[in-house]
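Undergrad: Pasting a structure here, questions to come.
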Amino acid sequence: MNPIELEQQYLVHAYARSPMALDNGHGVWLQDTEGNSYLDLVAGIAVNALGYGDPELAEVIRERASKPYHFSNLYHSEPMARLAARLVEATPFADRVHFQNSGTESTEAAMKFARKWARENYGEGKTNIVAFSGAFHGRTMGALAATPRPKYQDPFKPLMPGVRLAEFNDPASAAAAIDDSVCAVIVEPVQGEGGVHPASNEFMIALRELTHRHNALLILDEVQCGVGRTGTFWAHEPYGILPDILCAAKPLAVGLPIGAVLVTNRVAEVIRPGDHGTTFAGGPFVTAVADVVVRRISDPDFLQQVRNTGAYFKERLEEINSPHIQEVRGRGLMLGVQLDIPAIPLVQAGYQKGMLLLNAGPDVLRLIPPLIITPAEVDIAIDRLSALLSEAA
Ligand SMILES: Cc1ncc(COP(=O)(O)O)c(C=O)c1O
């Protein structure tokens, strides 16, 4: 059975899939069904942080596979409780966590929590949420309303009301949007889909001050940039500010579906049984895997290695002698190469060079490899990228 032909016939064509069917992998390398090998600089869109074929993950999956993988949130289970403790211990601002199944559900839950928190504390009328240009918070109706891109929003209007937009990295624009009717501000410390744009220190500090001044919550969406990706466990750590809510997902269980919303006690205390929930979230199989992932990635030596390899990757990208590179930006292993040519043809040409690449918008190459990539593998990536750029028109 040819998976590409079957996909053409039987799947809803909601994705522009690449022309190969991936099958297996080891370390930072993936193989397709034809036996071709690819250096993976995508990591399943910032998910496969520990690469492929990790023996400890295989072991925990084997161990859990013979036990039930679902009990329901009607009952307690040890892996969920252990992961909750581990996540909260790794997150200085947080007191509690609520599990979800995906990134969009995490941002959705965060917005619901913020509205309930404001209603309980300040009464009716404090329901507005401020989001920013270039943001991506997910595709469900609440998250979509905070993801201001016509291509994503227009076919599905009307949007959830109560979302205001301001300019990313513009404190004055944020100040104009944030008033006492606002219950929360949601922002990515490093915008991923929007083109790999780190928030400036000034902007993040202004958001914390403005949210304090107007009794609003600060929600950080670390679905893409969190869990070690930028070289600190959370991407907001270098800014020296603490949020009220943080959303995480993608790499938490390195490919099994999970999301997590970390909150302070003052947020948690307004959420009561029945307020919000979902069938699968926090199941024993996925949380047992996530527990290993969080323990491994929060290790200071692991994070140091991400910083070192990320700095080396950035330096080597800056050395590439191509007139098409306008800027290299990002932190840790979340890097963006701003081009003066379209990125998608390069992504496609990358397959012939044995490399998986991703764009972020029309003219940015986004490099988000597994966090275990070595300097020697970065060298291979640089050789292949240099060749690709030298052949670009
Ligand atoms: C910052 C951010 N938030 C939310 C999401 C949505 O996550 P999911 O695709 O798991 O729903 C994404 C996905 O790319 C993201 O990058």
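Read the figures in this text as sums done on the coordinates, not as results from a lab. Values in this document were obtained by computation on a predicted structure and should not be read as measured data. Backbone-built Cβ (ideal geometry, glycine too); neighbour counts: all protein chains shown.
Undergrad: Sticking with the crude label model, points 7 Å out along Cα→Cβ, report the distance from residue 393 to residue 379 in nm, one decimal please.
TA: Inter-label distance under the simple model: 3.5 nm.
Undergrad: Under 8 Å for C-alpha pairs, at least 6 residues apart: give me the relative contact order for the range 297-368, rounded to a whole percent.
TA: 25 percent
Undergrad: Per DSSP H run of n ≥ 4, the term is -39500 (n - 2.57); total these for the chain, divide by its residue number, and report the mean residue ellipticity at 222 nm rounded to 500 deg cm²/dmol.
TA: Theoretical 222 nm ellipticity from helices: -11500 deg cm²/dmol.
Undergrad: Be a star and scan the range 374-393 for residues whose amide nitrogen sits under 19 Å from the point 7 Å along the Cα-to-Cβ vector of residue 340.
TA: What the label zone holds, given the 19 Å backbone N cut-off, is 386-393.
Undergrad: Tell me the net charge near residue 326. Cut-off is 11 Å between Cβ atoms, residue 326 excluded, with +1 for each Lys or Arg and -1 for each Asp or Glu.
TA: Here the charged neighbours net out to -2.
Undergrad: Moving on. Let me check against my output: what whole-number percent is the relative contact order of the range 67-297, with C-alpha pairs under 8 Å and at least 6 apart?
TA: Across the range 67-297, relative contact order equals 30 percent.
Undergrad: Rounded, prolate or oblate for the range 200-288? Axes are the square roots of the Cα gyration tensor eigenvalues, ordered a ≥ b ≥ c, and the cut-off for rounded is a/c under 1.5.
TA: It is oblate, given that a/c is not under 1.5 and a/b is not larger than b/c.
Undergrad: Label the range 266-352 by shape, choosing from rounded, prolate and oblate, from the square roots a ≥ b ≥ c of the eigenvalues of the Cα gyration tensor; if a/c is under 1.5 it is rounded, and otherwise prolate applies when a/b is larger than b/c, oblate when it is not.
TA: Cα axes put the range 266-352 in the prolate bin.
Undergrad: Remind me, relative contact order of the chain in percent, using alpha carbon pairs under 8 angstrom and six or more residues apart?
TA: 22 percent
Undergrad: Is the shape of the range 159-309 rounded, prolate or oblate, going by the alpha carbon gyration tensor and its root eigenvalues a ≥ b ≥ c, with a/c under 1.5 for rounded and a/b larger than b/c for prolate?
TA: Judged from the Cα gyration tensor, the range 159-309 comes out oblate (a/c at least 1.5, b/c at or above a/b).
Undergrad: For the range 67-297, give the magnitude of the charge dipole about the Cα centre (Cβ charges: +1 Lys/Arg, -1 Asp/Glu; no others), in debye to the nearest 20.
TA: 540 debye
Undergrad: Then there's this: By how many nm would the segment from residue 59 to residue 318 grow when fully extended, if each residue of separation counts as 0.36 nm and the alpha-carbon distance is taken off?
TA: 89.3 nm
Undergrad: Are there any GluC sites (Glu not before Pro) in the range 34-83 that are in a DSSP loop and have at most 14 other Cβ atoms within 10 Å? List them by number.
TA: Those satisfying the criteria are 34.
Undergrad: Quick check on my link table: of 67/250; 157/250; 112/314, which ones sit more than 32 Å apart, alpha carbon to alpha carbon?
TA: Exceeds cut-off: 112/314.
Undergrad: Roughly speaking, what is the stretch gain from residue 74 to residue 352, that is 0.36 nm per residue apart minus the C-alpha to C-alpha distance, in nm to one decimal?
TA: The residue 74-residue 352 span can extend by a further 95.1 nm.
Undergrad: Still on this structure: Students often forget the sequence filter, so: which aspartates and glutamates lie under 19 Å Cα-Cα from residue 116 once same-chain residues fewer than 8 apart are removed?
TA: 95, 105, 108, 124, 179, 180, 221, 244, 269, 275
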